[in-house]
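S.K.: I'd like to ask some things about the structure below.
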Amino acid sequence: MAKGGLFALVIVAVIAFAIWSYKRNQKRVSALQQYALANGWAYVARDDRQWTRWQQTPFNDGFDRRATNVLTGRHQGHDMVAFDYTYKTRTTDSKGNSSTQTHHYRVCALAMPTWLPTLEVGPENVLTRLGNVVGVHDIELESEDFNRRFRVHANDRKFAYDVLSPRTIERLMAMPAFHWRIDGQTIVSWDVGTLQIADLLPRLAALAAVVDGIPDFVWHDNGVPEQSMITPPRPITPPATPPVTQAAPQATPPTGGPS
(Lines give C-alpha, C1' and ligand atoms only; values in the text may rest on other atoms or scores of the structure.)
Protein backbone atom coordinates (compact mmCIF):
# COMPACT_ATOMS: atom_id res chain seq x y z
CA MET A 1 0.00 0.00 0.00
CA ALA A 2 1.31 3.44 -0.95
CA LYS A 3 2.33 5.80 1.83
CA GLY A 4 -0.47 8.21 0.93
CA GLY A 5 -3.05 5.43 1.04
CA LEU A 6 -1.86 4.28 4.47
CA PHE A 7 -2.05 7.83 5.81
CA ALA A 8 -5.60 8.20 4.49
CA LEU A 9 -6.56 4.91 6.14
CA VAL A 10 -5.19 6.15 9.47
CA ILE A 11 -7.17 9.39 9.14
CA VAL A 12 -10.38 7.45 8.43
CA ALA A 13 -9.75 5.19 11.44
CA VAL A 14 -9.18 8.21 13.70
CA ILE A 15 -12.39 9.87 12.51
CA ALA A 16 -14.37 6.64 12.92
CA PHE A 17 -13.06 6.17 16.47
CA ALA A 18 -13.85 9.79 17.38
CA ILE A 19 -17.43 9.44 16.11
CA TRP A 20 -17.85 6.12 17.95
CA SER A 21 -16.52 7.66 21.18
CA TYR A 22 -18.83 10.64 20.84
CA LYS A 23 -21.92 8.47 20.30
CA ARG A 24 -20.95 6.18 23.15
CA ASN A 25 -20.56 9.12 25.54
CA GLN A 26 -23.87 10.64 24.42
CA LYS A 27 -25.56 7.32 25.16
CA ARG A 28 -23.96 7.27 28.62
CA VAL A 29 -25.05 10.83 29.39
CA SER A 30 -28.58 10.06 28.21
CA ALA A 31 -28.70 7.07 30.57
CA LEU A 32 -27.63 9.30 33.48
CA GLN A 33 -30.30 11.86 32.62
CA GLN A 34 -33.01 9.22 32.31
CA TYR A 35 -32.06 7.59 35.61
CA ALA A 36 -32.06 10.97 37.35
CA LEU A 37 -35.51 11.79 35.96
CA ALA A 38 -36.92 8.40 36.96
CA ASN A 39 -35.60 8.64 40.52
CA GLY A 40 -36.28 12.27 41.37
CA TRP A 41 -32.67 13.37 41.08
CA ALA A 42 -31.51 16.61 39.48
CA TYR A 43 -29.11 16.71 36.54
CA VAL A 44 -26.81 19.60 35.62
CA ALA A 45 -24.45 19.39 32.67
CA ARG A 46 -21.62 21.20 34.44
CA ASP A 47 -21.11 22.72 37.89
CA ASP A 48 -17.48 23.33 38.81
CA ARG A 49 -18.43 24.28 42.37
CA GLN A 50 -18.88 20.62 43.23
CA TRP A 51 -15.24 19.57 43.46
CA THR A 52 -14.20 22.63 45.52
CA ARG A 53 -15.45 21.19 48.82
CA TRP A 54 -12.46 18.77 48.89
CA GLN A 55 -8.81 19.79 49.04
CA GLN A 56 -7.07 16.40 48.89
CA THR A 57 -6.15 14.24 45.91
CA PRO A 58 -7.46 14.06 43.23
CA PHE A 59 -9.24 17.37 43.82
CA ASN A 60 -6.04 19.37 44.29
CA ASP A 61 -4.23 17.92 41.28
CA GLY A 62 -3.50 19.54 37.94
CA PHE A 63 -5.40 22.45 36.39
CA ASP A 64 -8.62 23.13 34.46
CA ARG A 65 -10.63 21.07 36.94
CA ARG A 66 -14.22 20.39 35.93
CA ALA A 67 -17.32 18.71 37.34
CA THR A 68 -19.72 17.60 34.61
CA ASN A 69 -22.84 15.42 34.38
CA VAL A 70 -23.69 16.33 37.98
CA LEU A 71 -26.40 14.31 39.72
CA THR A 72 -27.91 15.37 43.06
CA GLY A 73 -30.69 13.83 45.10
CA ARG A 74 -31.49 11.33 47.85
CA HIS A 75 -30.21 7.77 48.13
CA GLN A 76 -31.10 5.39 50.96
CA GLY A 77 -32.06 8.34 53.17
CA HIS A 78 -28.91 10.35 52.42
CA ASP A 79 -28.30 13.45 50.33
CA MET A 80 -25.90 12.56 47.55
CA VAL A 81 -23.95 14.07 44.68
CA ALA A 82 -22.20 12.30 41.80
CA PHE A 83 -20.34 13.64 38.79
CA ASP A 84 -17.62 13.21 36.21
CA TYR A 85 -14.45 14.95 37.37
CA THR A 86 -11.58 15.87 35.07
CA TYR A 87 -8.36 17.79 35.40
CA LYS A 88 -5.33 18.32 33.16
CA THR A 89 -1.60 17.95 33.67
CA ARG A 90 1.21 19.20 31.43
CA THR A 91 4.60 17.57 30.95
CA THR A 92 7.68 18.71 29.05
CA ASP A 93 10.29 16.39 27.58
CA SER A 94 14.05 16.92 27.36
CA LYS A 95 13.64 18.68 24.01
CA GLY A 96 11.22 21.24 25.41
CA ASN A 97 8.13 19.74 23.78
CA SER A 98 5.09 19.92 26.05
CA SER A 99 2.03 17.70 26.08
CA THR A 100 -1.24 17.88 28.00
CA GLN A 101 -3.14 14.94 29.43
CA THR A 102 -6.73 14.90 30.69
CA HIS A 103 -7.44 12.70 33.71
CA HIS A 104 -10.96 11.29 34.14
CA TYR A 105 -12.58 10.28 37.45
CA ARG A 106 -16.04 9.25 38.59
CA VAL A 107 -16.99 10.75 41.94
CA CYS A 108 -19.87 10.35 44.39
CA ALA A 109 -20.46 11.53 47.94
CA LEU A 110 -22.99 11.48 50.77
CA ALA A 111 -23.67 14.28 53.26
CA MET A 112 -23.17 13.72 56.99
CA PRO A 113 -24.66 15.55 60.00
CA THR A 114 -21.35 17.05 61.15
CA TRP A 115 -17.64 17.34 60.51
CA LEU A 116 -15.71 14.16 61.31
CA PRO A 117 -11.96 13.43 61.37
CA THR A 118 -10.40 12.24 58.13
CA LEU A 119 -10.45 8.51 57.49
CA GLU A 120 -9.38 7.01 54.15
CA VAL A 121 -9.92 3.43 53.04
CA GLY A 122 -8.87 1.97 49.70
CA PRO A 123 -8.20 -1.36 48.03
CA GLU A 124 -4.85 -2.94 48.81
CA ASN A 125 -2.54 -3.33 45.82
CA VAL A 126 1.08 -3.91 44.88
CA LEU A 127 2.07 -0.27 45.45
CA THR A 128 0.48 -0.07 48.90
CA ARG A 129 2.10 -3.35 49.90
CA LEU A 130 5.43 -1.91 48.79
CA GLY A 131 4.72 1.12 50.98
CA ASN A 132 4.35 -1.18 53.97
CA VAL A 133 7.76 -2.64 53.22
CA VAL A 134 9.47 0.78 53.18
CA GLY A 135 7.78 1.93 56.37
CA VAL A 136 4.45 3.51 55.35
CA HIS A 137 2.16 1.43 57.54
CA ASP A 138 -1.62 1.20 57.47
CA ILE A 139 -3.88 0.89 60.49
CA GLU A 140 -4.43 -2.79 61.17
CA LEU A 141 -7.89 -3.95 62.23
CA GLU A 142 -8.98 -7.18 63.90
CA SER A 143 -10.11 -8.72 60.62
CA GLU A 144 -7.13 -10.17 58.73
CA ASP A 145 -9.29 -10.60 55.64
CA PHE A 146 -10.14 -6.89 55.72
CA ASN A 147 -6.48 -5.96 56.25
CA ARG A 148 -5.46 -7.99 53.21
CA ARG A 149 -8.16 -6.40 51.04
CA PHE A 150 -8.02 -2.76 52.20
CA ARG A 151 -5.57 -0.17 53.42
CA VAL A 152 -6.69 2.24 56.16
CA HIS A 153 -5.23 5.67 56.92
CA ALA A 154 -6.31 8.03 59.71
CA ASN A 155 -4.61 10.44 62.09
CA ASP A 156 -7.04 9.38 64.82
CA ARG A 157 -6.62 5.61 65.22
CA LYS A 158 -9.47 5.34 67.73
CA PHE A 159 -11.83 7.03 65.28
CA ALA A 160 -10.85 4.50 62.61
CA TYR A 161 -11.56 1.61 64.99
CA ASP A 162 -14.90 3.16 66.01
CA VAL A 163 -16.09 3.68 62.42
CA LEU A 164 -14.80 0.36 61.11
CA SER A 165 -16.69 -1.78 63.57
CA PRO A 166 -16.99 -5.55 63.03
CA ARG A 167 -20.49 -5.06 61.60
CA THR A 168 -19.35 -2.39 59.12
CA ILE A 169 -16.33 -4.48 58.15
CA GLU A 170 -18.63 -7.42 57.47
CA ARG A 171 -20.84 -5.30 55.22
CA LEU A 172 -17.89 -3.83 53.32
CA MET A 173 -16.36 -7.26 52.79
CA ALA A 174 -19.57 -8.31 51.02
CA MET A 175 -19.31 -5.37 48.59
CA PRO A 176 -16.88 -4.39 45.83
CA ALA A 177 -13.66 -2.81 47.13
CA PHE A 178 -14.10 0.92 46.63
CA HIS A 179 -11.81 3.81 47.55
CA TRP A 180 -13.47 6.29 49.92
CA ARG A 181 -12.65 9.00 52.42
CA ILE A 182 -14.50 10.69 55.26
CA ASP A 183 -13.66 14.31 54.55
CA GLY A 184 -15.28 17.12 56.53
CA GLN A 185 -19.06 16.75 56.43
CA THR A 186 -19.05 14.27 53.56
CA ILE A 187 -17.93 10.78 52.71
CA VAL A 188 -16.59 10.73 49.16
CA SER A 189 -15.57 7.96 46.77
CA TRP A 190 -13.68 8.28 43.50
CA ASP A 191 -12.08 6.09 40.88
CA VAL A 192 -10.53 6.43 37.44
CA GLY A 193 -13.16 6.37 34.70
CA THR A 194 -16.49 7.93 33.86
CA LEU A 195 -19.77 8.02 35.78
CA GLN A 196 -21.88 4.92 35.17
CA ILE A 197 -25.11 3.96 36.95
CA ALA A 198 -23.94 0.33 37.20
CA ASP A 199 -20.91 1.51 39.23
CA LEU A 200 -22.61 4.40 41.04
CA LEU A 201 -25.33 2.45 42.85
CA PRO A 202 -23.07 -0.11 44.62
CA ARG A 203 -20.59 2.67 45.39
CA LEU A 204 -23.33 4.74 47.06
CA ALA A 205 -24.48 1.63 48.93
CA ALA A 206 -20.97 1.16 50.33
CA LEU A 207 -20.83 4.79 51.49
CA ALA A 208 -24.26 4.46 53.09
CA ALA A 209 -23.11 1.30 54.88
CA VAL A 210 -20.23 3.22 56.43
CA VAL A 211 -22.32 6.23 57.51
CA ASP A 212 -25.20 4.11 58.82
CA GLY A 213 -22.74 2.00 60.80
CA ILE A 214 -21.13 4.92 62.66
CA PRO A 215 -22.05 4.51 66.35
CA ASP A 216 -24.22 7.14 68.04
CA PHE A 217 -21.45 8.00 70.52
CA VAL A 218 -19.18 9.04 67.64
CA TRP A 219 -21.80 11.49 66.37
CA HIS A 220 -22.38 12.73 69.93
CA ASP A 221 -18.63 13.14 70.60
CA ASN A 222 -18.41 15.27 67.47
CA GLY A 223 -21.21 17.66 68.37
CA VAL A 224 -24.41 16.05 67.09
CA PRO A 225 -27.18 16.19 69.75
CA GLU A 226 -29.00 12.90 70.34
CA GLN A 227 -32.26 14.20 68.91
CA SER A 228 -30.45 15.14 65.70
CA MET A 229 -29.07 11.67 65.06
CA ILE A 230 -32.29 10.51 63.44
CA THR A 231 -32.80 13.65 61.35
CA PRO A 232 -31.35 14.03 57.83
CA PRO A 233 -27.98 15.78 57.54
CA ARG A 234 -27.59 19.05 55.72
CA PRO A 235 -27.80 18.57 51.94
CA ILE A 236 -24.64 18.56 49.90
CA THR A 237 -24.49 22.10 48.55
CA PRO A 238 -21.54 23.70 46.76
CA PRO A 239 -20.32 27.26 47.45
CA ALA A 240 -22.81 29.98 46.52
CA THR A 241 -21.71 30.76 42.98
CA PRO A 242 -23.74 29.94 39.88
CA PRO A 243 -23.00 26.75 37.95
CA VAL A 244 -21.27 27.05 34.61
CA THR A 245 -24.36 25.91 32.72
CA GLN A 246 -27.73 24.40 33.40
CA ALA A 247 -28.18 22.88 29.96
CA ALA A 248 -26.74 19.71 28.51
CA PRO A 249 -23.69 20.38 26.32
CA GLN A 250 -24.50 20.69 22.64
CA ALA A 251 -21.53 18.88 21.14
CA THR A 252 -21.36 17.87 17.51
CA PRO A 253 -19.68 14.77 16.12
CA PRO A 254 -16.16 15.38 14.86
CA THR A 255 -15.88 15.55 11.09
CA GLY A 256 -12.18 16.13 10.52
CA GLY A 257 -8.90 14.48 11.32
CA PRO A 258 -6.51 15.38 14.13
CA SER A 259 -5.07 18.86 14.10
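S.K.: In this structure, does Asp61 turn out to be surrounded by 13 or more Cβ atoms within 10 Å (Cβ to Cβ), in a loop (DSSP other than H, G, I, E, B) and in the same structural domain as Leu200 (by TED's automatic domain parsing)?
M.R.: Yes, satisfied.
S.K.: Looking at (1) modelled with pLDDT of 95 or more; (2) in a strand (DSSP E or B); (3) out of contact with any Gly (no Cβ under 8 Å at 6 or more places or on another chain); (4) surrounded by 14 or more Cβ atoms within 10 Å (Cβ to Cβ), which one does Gln101 not meet, given that it meets all the others?
M.R.: Failing condition for Gln101: (4).
S.K.: Which numbered condition in (1) part of a helix (DSSP H, G or I); (2) modelled with pLDDT under 95 is the only one that Ala205 fails?
M.R.: (2)
S.K.: Sticking with this structure for a sec: For region 118-127, does any single residue satisfy the condition of being within 30 Å of Asn69 (Cβ to Cβ), outside any loop (DSSP other than H, G, I, E, B), touching a Ser or Thr at 6+ places or on another chain (Cβ under 9 Å) and at pLDDT below 95?
M.R.: Within region 118-127 (the criterion being within 30 Å of Asn69 (Cβ to Cβ), outside any loop (DSSP other than H, G, I, E, B), touching a Ser or Thr at 6+ places or on another chain (Cβ under 9 Å) and at pLDDT below 95), the answer is no, since none of the residues qualifies.
Residue-wise test of (1) among the β-branched types (Val, Ile, Thr); (2) in contact with a His (Cβ under 8 Å, 6 or more places away or on another chain); (3) not assigned by TED's automatic domain parsing to the domain that holds Leu116.
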position: Val152; (1), (2), (3): yes, no, no
position: Glu170; (1), (2), (3): no, no, no
position: Gln185; (1), (2), (3): no, no, no
position: Ser189; (1), (2), (3): no, yes, no
position: Leu200; (1), (2), (3): no, no, no
position: Ala205; (1), (2), (3): no, no, no
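S.K.: In region 208-230, how many residues are of a type outside the set (D, E, K, R) and either assigned to a helix (DSSP H, G or I) or buried (at least 18 other Cβ atoms within 10 Å of the Cβ) (or both)?
M.R.: To start, the set of residues in region 208-230 that are of a type outside the set (D, E, K, R) comprises 208-211, 213-215, 217-220, 222-225, 227-230.
Next, only the ones that are either assigned to a helix (DSSP H, G or I) or buried (at least 18 other Cβ atoms within 10 Å of the Cβ) (or both) stay: 208-211, 213-214, 217-220, 224, 227-228.
Of the residues in that region, 13 qualify.
S.K.: Follow-up question, since we're still on this one. Looking at (1) at pLDDT 95 or above; (2) surrounded by 13 or more Cβ atoms within 10 Å (Cβ to Cβ), which one does Arg53 not meet, given that it meets all the others?
M.R.: So Arg53 meets the others, but not (1).
S.K.: Mind counting the residues in region 182-214 that are touching a Ser or Thr at 6+ places or on another chain (Cβ under 7 Å) and either at positive phi or not aliphatic (A, V, I, L, M) (or both)?
M.R.: 4
S.K.: Filter region 16-32 for residues that are under 18 Å from Leu200 (Cβ atoms) and of a type in the set (Lys, Arg); which is surrounded by the most Cβ atoms within 10 Å (Cβ to Cβ)?
M.R.: Once the filter is applied, the top-ranked residue is Arg28.
S.K.: Only one of these is within 18 Å of Leu110 (Cα to Cα) and part of a strand (DSSP E or B): Tyr43, Tyr87. Name it.
M.R.: Values: Tyr87 fails: within 18 Å of Leu110 (Cα to Cα).
Answer to the check: Tyr43.
S.K.: Please determine whether any residue of region 156-169 is within 17 Å of Asp79 (Cα to Cα) and either at pLDDT 95 or above or among the aliphatic types (A, V, I, L, M) (or both). Spell out the reasoning first.
M.R.: First, pick out the residues of region 156-169 that are within 17 Å of Asp79 (Cα to Cα): none.
Looking for residues that are within 17 Å of Asp79 (Cα to Cα) and either at pLDDT 95 or above or among the aliphatic types (A, V, I, L, M) (or both), one finds none in region 156-169, hence no.
S.K.: In region 158-202, what count of residues is obtained for those that are in a helix (DSSP H, G or I), among the basic types (Lys, Arg) and surrounded by 19 or more Cβ atoms within 10 Å (Cβ to Cβ)?
M.R.: Result for region 158-202: 0.
S.K.: Only one of Gly184, Gly213 is farther than 19 Å from Gln76 by Cβ and either at pLDDT below 95 or of a type outside the set (A, V, I, L, M) (or both). Can you tell me which?
M.R.: Answer to the selection: Gly184.
The values are calculated or read from the model by the stated rules, or taken from the named source; none is laboratory data. The shown structure was predicted, so the numbers you read here are calculated from the model rather than taken from an experiment. FYI the Cβ positions are ideal-geometry reconstructions off the backbone, even for glycines, and counts take in every protein chain you see.
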